[in-house]
Amino acid sequence: MRVGIARERREGERRVAATPETVRQLVGLGLEVLVEHGAGEASGHPDAAYEEAGAAIEEVLELGDLDVLLHVRPLDPATPPRLRRGAITIGLASPSTELPTVRALADAGVTAFALELVPRISRAQSMDALTSQALVAGYRCVLEAAMRLPRFFPLYMTAAGTIPPARVLVLGAGVAGLQAIGTAKRLGARVSANDVRAASADEVQSLGGTFINLDLDAADASGGYAKELGADRAARQRQLLAPHVADADVLITTAAIPGRPAPLLVTADMVRAMRPGSVVVDLAAESGGNVEGSVAGSDVAVPTADGGGTVTVVGMKDAASTMPADASRLYAKNVANLLALMTHDGSVEPDFGDVVVMDACLTHDGEVRHPATAEALATDAQEGAR
C-alpha cells in the first residue's frame, strides 16, 4: 500500500508528518512510502535522508494514487476530492473549526483519522499528538517571554547589588502549562500557577511551583481536561486572579477546552494593572484567546493603568512549528504509531472494534463518525438554509 507524506503548504507550518526514523518504521511494516520533494527541509530532514530510510521522493504527490495520506495541519477543502474513495488520511483536523473540510472528506468517501480525537487512555499515549505538541508549545512560551522581558529570570547576587528573580504566573496546568512551569523554574524564575482541575495542585508543586488556591470547586471533565465554567463562576475566577496577575512580571496562559473557544481568564483591565515592562504570552490566542485583546501572531502593547509604560501581550501562533525538528520528531512518531496499529501484513485495515481506532475516526464510508462534529455540521447546514 502506498503511503504519502506531503509538503505542508499552510503559511508558517514547518513540521512534517514523517521523519526518516518513522519512514523506516513504516517500510518495516511492508508499506511503500512516498515523500514529496522538500517535505522535511524546514524540520532538518533533506530528501536524501528519506531515500536512505527507504522512501521514494516525488516531485509532486499524485494524491489519487495514494492509499494513505499523512499530514500535519488540517487539509484544505479542495484536497479530499483529489483522493480516491476509501483512501485514509491521518493528521490534525481541527474538526470544530474546519467544518468545510470535514464535509468534503465525508463527501469524497475518505476515511479520516483526527489525532485530536485519539482517546486519552494509557494504550494510546504514544499516539497522543495533542500532548506531544503541547509539550513543545509550553516550552516555547517561556522562551518567548524571556526574550521580551527587560530583566533577568533568575536571582543574581553581585557586588553591585542583588537582582530578585522574575515572578512568573502560569494559568492552566495541563501538559503545556506544566512544561511552562518546569522551563521557567529551570531558568530561575519564581513560579506560581492556577488550574481549575482537582489534580493540578500536586502536579504544580511537584515541579517546584506554588499553587494558587482560589477556593473554587474543581471543574474536571473527561480525559484529563478542564470543564468550561459558568459565566458567574468564570467572573469570580477572574476577580480572584486579578491581584496575582498584577503581581506577575510574566503571565503565561495555556487554558483550552477541546472543541470550544478558549476561556477568557484575563481581562484588559487585569493586563493594564500589571507593571510596565511585564509580558503576557497567550498560548490560546489562535482559538479565541485566554487574554482579552491578544492577537494570534502579533505583539500588542497595552498601556498600563498608571501611565508608566506598556505591557506586551504576545499572541502565540503555530507555537509547535517554531521548533520544527523536535516537534516533528514527536508528531511523526504519534502518526506512525497510529498507522502501525491499523497495519497488518503490509495492509492498512482499520479495526473499528478497537476503541482507539473508533474514537479517532472522523469520517468513514461517506459519514461523519464523530458525534459532536456531525451535530455541528447539521447545525451549520440548518443555519445556512435560513
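The values are calculated or read from the model by the stated rules, or taken from the named source; none is laboratory data. Remember, it's a predicted structure, so these values are computed and weren't measured experimentally. Methodologically, a virtual Cβ is constructed for each residue, glycine included, from the backbone with ideal geometry; neighbour enumeration extends over all protein chains shown. Side chains included, ligands, DNA and RNA excluded: accessible areas come from the protein's heavy atoms. Shrake-Rupley method; radii C 1.70, N 1.55, O 1.52, S 1.80 Å.
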Revision key, fill the gap. When (1) at pLDDT below 95; (2) under 17 Å from Glu36 (Cα atoms) are applied to Pro95, the one that fails is (2)
Practice item. Go through the residues of the range 125-143 one by one and say whether even a single one is open to solvent by 10 Å² or more (accessible area, probe 1.4 Å) and over 20 Å from the mean Cα position of the chain (by Cα). Key: no
Point to revise | Selected residue (criterion: farthest from Ser126 (Cα to Cα)) from residues of the range 1-24 that are open to solvent by 50 Å² or more (accessible area, probe 1.4 Å) and in a helix (DSSP H, G or I) | key: Arg24
Practice item. Can you work out which of the residues in the range 363-386 that are touching a strand residue (DSSP E or B) at 6+ places or on another chain (Cβ under 9 Å) and over 20 Å from Pro261 (Cα atoms) is least open to solvent (accessible area, probe 1.4 Å)? Key: Thr363
Review point. Looking at the range 102-123, is at least one residue touching a residue at least 24 places away in the same chain (Cβ under 8 Å), touching an Asp or Glu at 6+ places or on another chain (Cβ under 7 Å) and not in a loop (DSSP other than H, G, I, E, B)?
Key: yes
Review point. Within the range 33-48, which residues are in a loop (DSSP other than H, G, I, E, B) and surrounded by fewer than 17 Cβ atoms within 10 Å (Cβ to Cβ)?
Key: His37, Gly38, Gly44, Pro46
Check your understanding: Got at least one residue in the range 200-207 being of a type in the set (S, T, N, Q), over 30 Å from Arg82 (Cβ atoms), surrounded by fewer than 17 Cβ atoms within 10 Å (Cβ to Cβ) and outside the structural domain of Val314 (by the TED database)?
Key -> no
Check your understanding: Can you tell me which residue in the range 281-318 is nearest to Arg260 (Cα to Cα), limited to those that are among the aliphatic types (A, V, I, L, M), under 19 Å from the mean Cα position of the chain (by Cα) and assigned to a strand (DSSP E or B)?
Key -> Val291
Point to revise | All positions within the range 108-124 that are under 15 Å from the mean Cα position of the chain (by Cα) and surrounded by 21 or more Cβ atoms within 10 Å (Cβ to Cβ) | key: Ala114, Leu115, Leu117, Val118
Check your understanding: Any residue in the range 341-352 that is within 26 Å of Val3 (Cα to Cα), assigned by the TED database to the domain that holds Pro74, within 20 Å of the chain's Cα centre (by Cα) and of a type in the set (A, V, I, L, M)?
Key -> no
Check your understanding: What number goes with the only condition from (1) surrounded by fewer than 16 Cβ atoms within 10 Å (Cβ to Cβ); (2) modelled with pLDDT of 95 or more; (3) outside the structural domain of Gly28 (by the TED database) that Arg260 does not pass?
Key -> (2)
Check your understanding: Of all residues in the range 153-188, how many are of a type in the set (Lys, Arg) and touching a residue at least 60 places away in the same chain (Cβ under 8 Å)?
Key -> 1
Check your understanding: Do we have Arg329 as free of Cβ contacts under 8 Å to residues at least 60 places away in the same chain and open to solvent by 50 Å² or more (accessible area, probe 1.4 Å) here?
Key -> no
Exercise for review: Kindly indicate the residue of the range 63-101 that is polar (S, T, N, Q) and either free of Cβ contacts under 8 Å to residues at least 12 places away in the same chain or in a loop (DSSP other than H, G, I, E, B) (or both) and also surrounded by the most Cβ atoms within 10 Å (Cβ to Cβ) among those meeting that condition.
Suggested key: Thr79
Review point. Of the residues that make up the range 341-359, is at least one part of a helix (DSSP H, G or I), open to solvent by 40 Å² or more (accessible area, probe 1.4 Å) and free of Cβ contacts under 8 Å to residues at least 40 places away in the same chain?
Key: yes
Check your understanding: So is Ser122 more than 21 Å from Arg369 (Cα to Cα), in contact with a helix residue (DSSP H, G or I) (Cβ under 6 Å, 6 or more places away or on another chain) and not assigned by the TED database to the domain that holds Leu264 or not?
Key -> no
Practice item. Those residues that are in contact with a Pro (Cβ under 9 Å, 6 or more places away or on another chain) and buried (at least 17 other Cβ atoms within 10 Å of the Cβ), I need them from the range 49-62; list them, please. Key: Tyr50, Ala53, Ala55
Exercise for review: Go through the range 160-218 and count every residue that is more than 30 Å from Asp232 (Cα to Cα) and either over 21 Å from the mean Cα position of the chain (by Cα) or assigned to a loop (DSSP other than H, G, I, E, B) (or both).
Suggested key: 16
